[in-house]
Number of protein chains: 2
Amino acid sequence: MGKSPLQMLMMAMVMSAPASAMAQTASLVPTPPEIIARAPAGAWRAIAPENLVVMELGNGKRIVIELAPDFAPVHVANIRTLIRGGWFDRNAIIRVQDNYVVQWGGADPKRSIPKGVVDRPPPEYERPLAGLKISPSKARDVYASTTGFADGWPMASDGRAAWLTHCYAMVGVGRDLPPDTGNGAELYTVIGHAPRHLDRNIALVGRIVDGMDVLSALPRGTGEIGFYTDAEQNVPIARTRLAADWPGRDQPHYQVMRTDTAPFAEYADARANRRDDFFIRPAGGADVCNVPVPTRKAP
Amino acid sequence: MGKSPLQMLMMAMVMSAPASAMAQTASLVPTPPEIIARAPAGAWRAIAPENLVVMELGNGKRIVIELAPDFAPVHVANIRTLIRGGWFDRNAIIRVQDNYVVQWGGADPKRSIPKGVVDRPPPEYERPLAGLKISPSKARDVYASTTGFADGWPMASDGRAAWLTHCYAMVGVGRDLPPDTGNGAELYTVIGHAPRHLDRNIALVGRIVDGMDVLSALPRGTGEIGFYTDAEQNVPIARTRLAADWPGRDQPHYQVMRTDTAPFAEYADARANRRDDFFIRPAGGADVCNVPVPTRKAP
């Protein structure tokens, strides 16, 4: 019973959540990708140029990061200063640990930190809940009393404080032992199952909005906890720039789905209750990291 | 304040959960890797040769899989028949979708399924809870009333039925729309955040116990939902064999940590409540997929 290529594709498509061609299946209810695709322009917010980072690798590939100043303002200010001071230029990715993190920025320990970087930022591991407009998830959570989304970010709360959650593609600041909080010179992103035990132990400062597949497919390091054992293995970073500093009209523009909208609520519900033809038994819920917030290049 | 390479290593080490050299840090309490490292021989069970699959890629790399006949006996019997019938030999990995799955076995739709394969296995998506000895987790779960571990497998239950959970590295059977359950000729493994919404919708048949980093680092496919768009991109599988059929004394031997032991309970508790020096605020819990069951080559 060899399947035809079309059958194979169908089979694989219906297995998929983030696919974009689900309309070709016969589902009577919209799938999460369909909901994203038909969301109106007003369901998206632009990423401010001051919060948009483009990291160009030596191989010409681009990683695009959104910074989260509302959650870690001093760390984010540091990262902007590091970028503008050239810290990440001719730097490298030095660690890839399977099902955990990719880490960059520490290729040359002799390099000087640019002037203006706060050496020991405050522990921006959480912030007051007040001032955030949260769209709560109904799903139970292991790590917090509530989870949800605020201004396009996945987050958790204990009813008093709120914090970003360590979901796939979130970006954090490597640090030494407490009370050090890291100055932003070494960053990592999550490439595996959400290590939520790191929540409130490290400053999260943003997320990858494009190029995640470049980072996640890097060869795993064979040294301790995924360090490359030889500088030859390091993945060179050519240059890192803020979109705000981009010359001319080539400035990149990205968008994040607004999480306080009806389309996002419909998307999140569809992620939690898959009703398309493939599914026999909808889960009835989805943990906060199993509802990835859609991002895209501005159309 | 450039850090020395040692400081950088320290910093990275303490950030890590699955590291093996944590003893070099100054923690007063054992870390999860330390607990694994000192677990006595009795804390491990051997993987039966009939359940151990070695898949050799064309590039010489090896993927080792443990099958789970207690959860999906007909599917597992099919997979053994497919292996012994040469189905996976000179076959290929054809799909790599970021933060989702790697899929293999369907490179040539014209190839005939070996004789003896049950074309439409029963829906082995769950099994009776009775007969399983479960070590329950105290963590709340979004997708099931209880989660825990049985005989080295991550699982969930509703008090009546029990099922394997779609954690990182678990292996499942691709299928078409219901009532098809897939015959085992196309398999996938999870390479991202646990897609638990697939639980009880697909037959899980095992997990990768070695070589996971080979699969997870493959280039992502650029076709729909991660399919390679050109057969040239497929990753060739040279040969797949059961350890039981291995000639001579080179037969591979692997072990899984027993999940009904004090060392596993200590490990799971340490994953949920990180007390080593790096952590400021232990999580107080860990979802079932954030407690990866340790596996290793037999010492």
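The values are calculated or read from the model by the stated rules, or taken from the named source; none is laboratory data. None of these values were measured; they are calculated from a predicted model. Positions of Cβ are backbone-derived with ideal geometry, glycine not excepted, and every protein chain shown enters the neighbour counts. The protein model used for the area step is the full one, side chains on, heavy atoms only, and it has no ligands, DNA or RNA in it. Shrake-Rupley method; radii C 1.70, N 1.55, O 1.52, S 1.80 Å.
Below, the figures for the structure above:
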{"item": "Percent accessible area from carbon and sulfur atoms, the stretch A:98-255, protein chains only, probe 1.4 Å", "result": "51"}
{"item": "For residues of A:56-63, the mean tally of beta carbons on other chains within 10 Å", "result": "0"}
{"item": "Calculated Rg and Dmax of the protein assembly as shown using C-alpha coordinates, Å", "result": "23.2, 71"}
{"item": "Max mean-square fluctuation residue, GNM over chain B, Cα-Cα springs under 10 Å, options B:229, B:147, B:165", "result": "B:229"}
{"item": "The stretch A:82-130, relative contact order in percent, only Cα pairs under 8 angstrom and at least six apart counted", "result": "31"}
{"item": "Nearest-0.05 FRET efficiency for residue B:50 and residue A:108, computed from C-beta distance (R0 45 Å)", "result": "0.30"}
{"item": "Globularity ratio of the stretch A:64-179, using Cα Rg and 2.2 N^0.38 Å", "result": "1.20"}
{"item": "CD proxy at 222 nm, helix term only [per DSSP H run n ≥ 4: -39500 (n - 2.57); per residue of chain B; nearest 500]", "result": "-4500 deg cm²/dmol"}
{"item": "Copy-to-copy label separations for residue B:178, where each label sits 7 Å from Cα toward Cβ, in nm and ascending", "result": "4.8"}
{"item": "Amide H within-cut-off set for residue B:113, under 5 Å, with H built and near neighbours excluded", "result": "A:2"}
{"item": "Using a Förster distance of 45 Å, the FRET efficiency for residue A:249-residue A:269 (Cβ separation, nearest 0.05)", "result": "0.70"}
{"item": "Long-range HN-HN contacts of residue B:206 with modeled amide H, under 5 Å", "result": "B:68, B:171"}
{"item": "For the pair B and A, total buried accessible area rounded to nearest 100 Å², probe 1.4 Å", "result": "7200"}
{"item": "Average partner coverage of B:36-42, which counts Cβ from other chains inside 10 Å", "result": "0"}
{"item": "Phi to ³J(HN,Hα) by Karplus 6.51 cos²θ - 1.76 cosθ + 1.60 over the stretch B:168-177, Hz, x for Gly, Pro", "result": "3, 6, 6, 10, x, 9, x, 9, 8, 5"}
{"item": "Cα-centre dipole for chain A with unit charges at Cβ (Lys and Arg positive, Asp and Glu negative), debye to 20", "result": "380"}
{"item": "Highest-fluctuation residue, B:211, B:148, B:248 considered, GNM on chain B with Cα pairs under 10 Å", "result": "B:248"}
{"item": "Amide N proximity, the stretch A:62-94 versus residue A:298 label position 7 Å along Cα-to-Cβ, cut-off under 16 Å", "result": "A:65-67"}
{"item": "Label-point separation, residue B:38 to residue B:59 (7 Å along Cα→Cβ), nm", "result": "3.8"}
{"item": "Average accessible area per residue (Å²) across the protein assembly as shown - probe 1.4 Å, nucleic acids and ligands excluded", "result": "38"}
{"item": "Residue B:280-residue B:29 pseudo-label distance in nm [points 7 Å out on the Cα-to-Cβ vector]", "result": "1.8"}
{"item": "For residues of A:104-113, the mean tally of beta carbons on other chains within 10 Å", "result": "3"}
{"item": "Inter-copy label distances at residue B:41 (7 Å, Cα→Cβ; nm, one decimal)", "result": "7.2"}
{"item": "Fluctuation leader among B:48, B:270, B:194 - chain B, Gaussian network, Cα springs under 10 angstrom", "result": "B:48"}
{"item": "For the stretch B:276-292, Karplus couplings with θ = phi - 60° (6.51, -1.76, 1.60), whole Hz, Gly/Pro x", "result": "5, 4, 5, 8, 8, 9, x, 5, x, x, 8, 5, 4, 7, 9, 10, x"}
{"item": "C-alpha long axis of helix B:262-272 to longest principal axis of chain B, angle in °", "result": "80"}
{"item": "Residue B:177 paired with residue B:138, simple spin-label distance in nm, labels 7 Å along Cα-to-beta-carbon", "result": "4.7"}
{"item": "Magnitude of the charge dipole, the stretch B:209-282, Cβ model with Lys/Arg +1 and Asp/Glu -1, debye to 20", "result": "180"}
{"item": "Other copies of residue B:120: label-to-label distances in nm, shortest first, labels 7 Å along the beta-carbon direction", "result": "6.9"}
{"item": "Isotropic mean projected area of the C-alpha convex hull, the stretch A:233-287 (nm²)", "result": "8.5"}
{"item": "Volume per residue that the Cα convex hull of chain A spans, once the total is divided by residue count, Å³", "result": "164"}
{"item": "Under 5 Å, built H, 5+ apart or other chain: amide partners of residue A:95", "result": "A:103, A:228"}
{"item": "Residue (of A:173, A:184, A:52) at the positive-pole extreme of chain A, dipole from beta-carbon charges", "result": "A:52"}
{"item": "Between helix A:73-84 and chain A: long-axis angle, C-alpha atoms, 0 to 90°, nearest 10", "result": "70"}
{"item": "Charge tally in the Cβ shell below 14 Å around residue A:90, where Lys, Arg are +1 and Asp, Glu are -1, residue A:90 excluded", "result": "+1"}
{"item": "For chain A: relative contact order, % (alpha-carbon pairs under 8 angstrom, 6 or more apart)", "result": "27"}
{"item": "Calculated from backbone phi, Karplus (6.51, -1.76, 1.60) coupling profile of the stretch A:134-143 in Hz, x at Gly/Pro", "result": "9, 9, x, 8, 7, 5, 5, 9, 6, 9"}
{"item": "Dipole in debye (nearest 20) - the protein assembly as shown, about Cα centre, beta carbon charges: Lys, Arg +1; Asp, Glu -1", "result": "0"}
